[in-house]
Each structure stands twice: as structure tokens, then as C-alpha cells.
1. Can you name the number of the only condition in (1) assigned to a loop (DSSP other than H, G, I, E, B); (2) within 14 Å of chain B (Cβ to nearest Cβ) that A:R125 fails?
2. Step by step: first the residues of the stretch B:136-149, then only those that are at pLDDT 80 or above and open to solvent by 60 Å² or more (accessible area, probe 1.4 Å), then the one that is farthest from A:I190 (Cα to Cα). Which residue is that?
3. Evaluate the stretch B:117-135: report whether one residue or more is open to solvent by 40 Å² or more (accessible area, probe 1.4 Å) and more than 14 Å from chain A (Cβ to nearest Cβ).
4. Failed condition for B:T35, given (1) closer than 16 Å to A:Y94 by Cα; (2) among the hydroxyl-bearing types (S, T, Y); (3) touching a Leu at 6+ places or on another chain (Cβ under 9 Å), with all others met?
5. In the stretch B:52-104, which residues are in a helix (DSSP H, G or I) and of a type in the set (S, T, Y)?
6. Select, from B:Q88, B:Q67, B:Q109, the only residue that is assigned by TED's automatic domain parsing to the domain that holds B:I179, in contact with a Leu (Cβ under 9 Å, 6 or more places away or on another chain) and without any contact (Cβ under 8 Å) to a residue 40 or more places away in the chain.
7. Taking into account only those residues within the stretch A:206-221 that are open to solvent by 90 Å² or more (accessible area, probe 1.4 Å) and modelled with pLDDT of 90 or more, which is nearest to the other protein chains (Cβ to nearest Cβ)?
8. Among the residues that make up the stretch B:150-164, is at least one of them in contact with a helix residue (DSSP H, G or I) (Cβ under 9 Å, 6 or more places away or on another chain), more than 14 Å from chain A (Cβ to nearest Cβ) and at pLDDT below 85?
Amino acid sequence: MNPPPISYRELTHNGLWKNNPALVQLLGLCPLLGVSNSVVNALGLGLATIVVLVCSNTIISLLRHQIPTTIRLPAYIIVIASLTTCVELLMRAYTYELYQILGIFIPIIVTNCAILGRADSFASRNSVIPSFWDGLVMGAGFLWVLVLLGAMREMFGSGTLFAQMSLIFGEVVNDWHLRILPTDIVTLAIILPPGAFICAGLLIALKNEIDYRIALHKQSTAPIHSGHKRVRVTGHI
Amino acid sequence: MPSLLHSIGKNSVLLGFVVALSTAATVMTFMYTRTTIIEQEEIARSKALREILPTGYDNNLLASQRQIAPHGLLGETSAASVFTALAQGKPVAVILSLAAPDGYTGPIQLLVGVNKIGNIAGVRVTSHKETPGLGDKIELTKSDWILVFNGRSLTDPLPPQWRVRKDGGEFDGLTGATITPRAIVKAVRNTLQYVAENRVHLFDESPTD
């Protein structure tokens, strides 16, 4: 009755690429599209999401034998909601300016389906360390897509990159600010919500294209097995 | 039936347990961060005040805050307040905290500093919900548009010219945003008007002056 052993390599590959919460599961679109208008916003919300996801996976895995399936969803939501509140309070205390920018998006972490999804489909069935790891890599998968989307939109929408990074890293990174494009040729639509959908769509298409190329490459290099070809001669075609 | 009742009872207790644990964690975080959050909020607010009035007074601006009775010129919907800068006990400037009611997506919270001689010491937006990339250029971190008000007064330009260029006035608008700058120009003009009408009260002048 033992479940198959957990492969951390596979978990990592799943979270970051194969089953990426943002590009494949398409979970957490609300924060993904809402705060990806600059790198600093994306990074701030991505980090907050990782913290909540790692903690919720760990706690839910610890409680998995105590919580019966009938009440699991309300129990998970309560855990996730209070974790989010804690993260919000900590951000208000220690990164107040970032909190002012991300303000309304922090509570939205509660409704990020990626978090409830991992709680229900992974943490409630696995022991603590794999759950912790799953939370970390799924969160990282969400973060890199969010930051890439933020970079795309900031570059083409505002013409800058890494503007206001000091909100997260302090004054030492003030000179990270790059001006990529002059303000008169940037496209406002990229900063607005339609730009979020268009850029996210492009990223999904790019991922599918890369997967397709990899599959094609594997196919062409895989040895061809000789043998009988069985032709289906009966039944519906 | 007893088994159903039993499981309902058991589940309620369990859920209550989860709620109690989560609430305890939240309460502990709240208590732990409370003083830091209040400090941070005060720092943020006094930073904005100091930006408008860097020098020339000797009192604690943040502590001088007083509420103002609702007034049509200050956006009647929300409470306005005033910070008074004193030099040797005499008011030299005021900073009004008010809301421009007609922003594109709701009220825009402003700080408007007015010197005793009736010109603008500075204007800052403290909170707003304007469109990112368009209306949010009213923040000093995004663009220096908000500095156009520095030194202006009710005579510079004259009241009919206190409009954005699009409406025939003197002030530049923002590309792609019409309503946001219009709301702020109007609120700043109204504030100057309010200060002019209430000089006696705000600057502690005796009526014979």
C-alpha cells in the first residue's frame, strides 16, 4: 500500500516547467495578470506567494491525518487566509512602501487557486518534507513566470527595467534602474490589463513551442524499434 | 443517526481547533508587528510632510494635525485635516490633507502645502487608484508633473487659468489621462480658495490685521 517513492527531481521539474502553475495549470491568474506590470511588483508578490505556499503546504501536510476529507476545504482556506494575513502584517511592518504598492493584491493570495490546489492535491497526501519542497518549487514556478511577465510588460509598457527595486532591496540597488526604450515609443496597452493577457498568452505559446521542439528532437533521436506492425482490422475507426 | 451527529460534532470540534490555531497565529503576528507598523506609517506620513515643507519651522508637523469641519471646497465626502507649521509659535505655513473627489477611479488623497503669503509650498498625492501607467504619473516617484504647482497662487495664474491646457488653462495635462490632472488642478485651486477664505482661522491672524 506504500505510495511510490517521491522523486524530488521530478517534483522540481513539475513545479518549474512541466506542470507550472501559471503556464500549464493556469492557476492564480488574478495576481498573475494584476501585478505583472513591473519587475518589482512581480517579485514582491511572487515572494509573498512563495512564503504562503510553502507554509500552507507544510502546515496542511502536518495536519493531514487530523483533518477529515469532509471539512478539508474550509480548514485549508482558514489556514491559507491566516497565513496571508500574517504575511501582509509582516510586509506592512518591514517593507511598508512595497506594501503600499501591492496592498490590494496581498489579500488576493488567499484566492490564488495554485495554493489551495497544491494543498488539496499534494500536501494532503504527502509527508512534510516533500510537501515543503513542492510548495517551494511550485511557488518558484509561479514566481519566474510572474517576474518574466513583469519584465516584458515593464520593458514594452514603461520602457524601463528594474525601476524602483529599492522598494525590496533597499537603497543599494537604486542604480539597477535601466531605461530600455524611450518613453515616446512604449506601448501603453502593455501596462494595461489587455497587455497582461497578450503577454501571458505569448509566454504560454513559447512554452508549448519549446516542449514541441524537445519532443520532436527526442523522437528523431530515439532508436526505431523494428517489429510487427499490428493493423487494426475490426471495430470502429 | 447517532453516527451522523457524532461525525458532525467531531468535524465541528476539529474545524474549531483549526480556526483557533490560525487565529492565535494571526493575533501573535499582529501583536508582534503592531508597533513597527504604526512607526512605519508615521515615517511615511511625516516624510511626505517634510518633502512639502523641508525647513523654516520648529514644531512637529505630524503632531499639529487638526480636523477641519467639512467644507464644499475641500471635497465634502471625506474628512479633511490641517497640519500647521510654526516658527517661534507663529503659523508660517499649513499643509491640508484632503481628497480630490473626482478622480478617474475614486477620490485622490492629496497633501497641499500653502505658505502664509498664499502660494503653494508643494503638492503630493498620498493615495489614489488611478490607472497604472497613465494617471499614476501624479506620483512623484513616477513623474515630476506634481511639481508644476510649486510657487503658484490664486494670482499666478488667475482663477480662470487654473485649468489643464485642454480646458483652456495653464497647466499641462498627462498623456492619456485627462480626468486625473483635471481633478487635481481643481482640488489645488479650491484649496487655495479655502485657505484664502479662512486665513484668520488657519494662520491665527487677528481680524484687525
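1. (2)
2. Checking each candidate, the answer is B:L147.
3. Taking every residue of the stretch B:117-135 in turn, at least one turns out to be open to solvent by 40 Å² or more (accessible area, probe 1.4 Å) and more than 14 Å from chain A (Cβ to nearest Cβ).
4. The one condition B:T35 does not meet is (3).
5. B:S64, the sole residue that qualifies.
6. Of the residues listed, the single one that is assigned by TED's automatic domain parsing to the domain that holds B:I179, in contact with a Leu (Cβ under 9 Å, 6 or more places away or on another chain) and without any contact (Cβ under 8 Å) to a residue 40 or more places away in the chain is B:Q109.
7. A:L206
8. Checked against the condition, which is being in contact with a helix residue (DSSP H, G or I) (Cβ under 9 Å, 6 or more places away or on another chain), more than 14 Å from chain A (Cβ to nearest Cβ) and at pLDDT below 85, the stretch B:150-164 yields at least one hit.
The values are calculated or read from the model by the stated rules, or taken from the named source; none is laboratory data. Source: prediction; values computed, not measured. Here the Cβ is made from the backbone with ideal geometry for all residues, glycine too, and neighbour counts use every protein chain on show. Calculation scope for accessible area: heavy atoms of the full protein, side chains included, ligands and nucleic acids excluded. Shrake-Rupley method; radii C 1.70, N 1.55, O 1.52, S 1.80 Å.
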